[in-house]
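In what follows, a structure is listed as structure tokens, so that the remarks can point back to it.
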Amino acid sequence: MFPNHATTVNENIKKHNENVDKNIPSAELIDFLYDNDLPEGVDVSLASLSARDSVWDTHRLHTSYVSKIYALNSEFERYSERMDECSGFLKFGYNEDDGLVLKQAGFCRVRHCTTCQWRKTLLWKALMYQTYDRIIQTHPTHRFIFLTLTLKNPPIDDLRETLQHMNKSWQRLIKRKEFMAAVKGWVRTTEVTRPKDPKDKDKKYKRVCPITGNTHAHPHFHVILMVDPSYFGRNYIKRQRWQELWADCLRIDYMPQVDIRTVKPKKGADDDGMRGAIAETLKYATKPDDITHDAENPRSRDWFYELTRQTYRLRFVATGGLLKDALKQDDDITNEDMIDTGNDDETTETDDRRLNFTFYESKGGYMYNPNHNE
Ligand SMILES: [Zn+2]
């Protein structure tokens, strides 16, 4: 019923890696394409012109795949229709330093659309990097630590209630004296995955649990905490203490899994490890692989449908303290933000020409389609 998505995508990636000139397209090539008609039957893919943009094919093919899953359930047909319209064309401007620069696209904004999630995470990362770069200037002695909070996996039918309970528990946590003493700002994201196989030690194979994979969910918070220097002295909170505090705020009688990590600045390195840690935190609400996992199986699809119902309109991003304005809420993100995410250090100034690329699922990605050039 479904295309062998992984193979298509992998073939795409392989194809591009083998064939594509890593350089950006030359001005001559762009002039030639823009000024001439494409011969009948000739396809010029976006990926063949601009290697870094081959990632568009990967994400957009995944959107099609998720759309097909939604299309099988009349309750979610509307999502499927919206996703089929998502980023159907991309219009790029050109400059010689950076090559193709995206100028126009329309996004569907369905929560579990892979393409939209990707654009939003790019935006969030860009905003967070900017905030980080600013804050280390104004608060040079503050540090960032990374906290992951979980609890026992609830049945997928109880996910909404569990997430609301976790939110309330978080509100209790941030009012605790120990928390307030050292933490000066925070950014929190919610991730929901399928439960992982407990026999898969250290999650080496990232296997989904064969028993609870379709019946339960694994909701967790990823949190970036900005702490003042006292955290590494008198206000230090050990991992075990974080566990006790979280258990207490959750009002549960077992010890939940908690992970706390400090990113140590790397001497002499341009990137102090923060960017990687930020990227880890600001990722998809649900991994694309978890959405499409075992999609031929109706029980597996039901898990995803229930996830969609249970998370309807819930907010998955929250901020506070000195990081209050670090991110934008879903509702505040504009289509324009998703076009120019600000994630590359590139010049976004381009010429006025607009080169159009249209998505063709049957061709495995975006193809140059000058009929809609501007
Ligand atoms: Zn979309």
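The values are calculated or read from the model by the stated rules, or taken from the named source; none is laboratory data. Quick caveat, the model's predicted, so the values are computed rather than measured. Here the Cβ is made from the backbone with ideal geometry for all residues, glycine too, and neighbour counts use every protein chain on show. We work out accessible area using only protein heavy atoms, side chains counted, and drop any ligands, DNA or RNA first. Shrake-Rupley method; radii C 1.70, N 1.55, O 1.52, S 1.80 Å.
Relative contact order of the chain: what whole-number percent is it, with Cα pairs under 8 angstrom and at least 6 residues apart? Present the calculation step by step, with values, prior to reporting the outcome.
On the way: 579 pairs, mean separation 96.3, N = 374.
Reported relative contact order: 26 percent.
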Share of carbon and sulfur in the accessible heavy-atom surface of the chain [1.4 Å probe, %]: 47 percent
Cα-projected label distance for residue 164 with residue 275, points at 7 Å along beta-carbon direction, nm: 4.1 nm
Helix-only mean residue ellipticity at 222 nm for the chain, each DSSP H run of n ≥ 4 adding -39500 (n - 2.57), per residue, nearest 500: -11500 deg cm²/dmol
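Please work out whether the range 225-374 counts as rounded, prolate or oblate from its C-alpha gyration tensor, where a ≥ b ≥ c are the square roots of the eigenvalues and a/c under 1.5 means rounded, while otherwise a/b larger than b/c means prolate and anything else oblate? Let's see the in-between values first.
On the way: a/c = 2.49, a/b = 1.42, b/c = 1.75.
Oblate.
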Values of log10 I(q)/I(0), in the order q = 0.17 Å⁻¹, for the range 55-210 under a Debye, Cα-only, solvent-free model: -1.26
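Could you tell me the calculated FRET efficiency between residue 29 and residue 361, based on Cβ-Cβ distance and R0 = 30 angstrom, to the nearest 0.05?
Values: r = 26 Å, r/R0 = 0.87.
FRET efficiency, residue 29 to residue 361: 0.70.
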In order through the range 114-119: 3J(HN,Hα) via Karplus (6.51 cos²θ - 1.76 cosθ + 1.60), integer Hz, x for Gly, Pro: 4, 5, 5, 4, 4, 5
Relative contact order computed over the range 139-282 (Cα-Cα under 8 Å; 6+ residues apart), in percent: 37 percent
Selection of GluC sites (Glu not before Pro), the range 309-352, meeting DSSP coil and at most 16 other Cβ within 10 Å: 346, 349
Over 32 Å between alpha carbons, listed pairs 68/91; 125/152; 103/175; 68/168: 103/175; 68/168
For the range 206-223, Karplus couplings with θ = phi - 60° (6.51, -1.76, 1.60), whole Hz, Gly/Pro x: 6, 6, 7, 4, x, 8, 10, x, 9, 10, 10, 10, 10, x, 8, 9, 9, 10
No Cys partner within the rule (Cβ under 4.7 Å), the chain: 209, 249
Degrees, to the nearest 10: 55-71 long Cα axis against longest axis of the chain: 70 degrees
Residue-normalised accessible area of the chain, given per residue in Å² at a 1.4 Å probe: 51 Å²
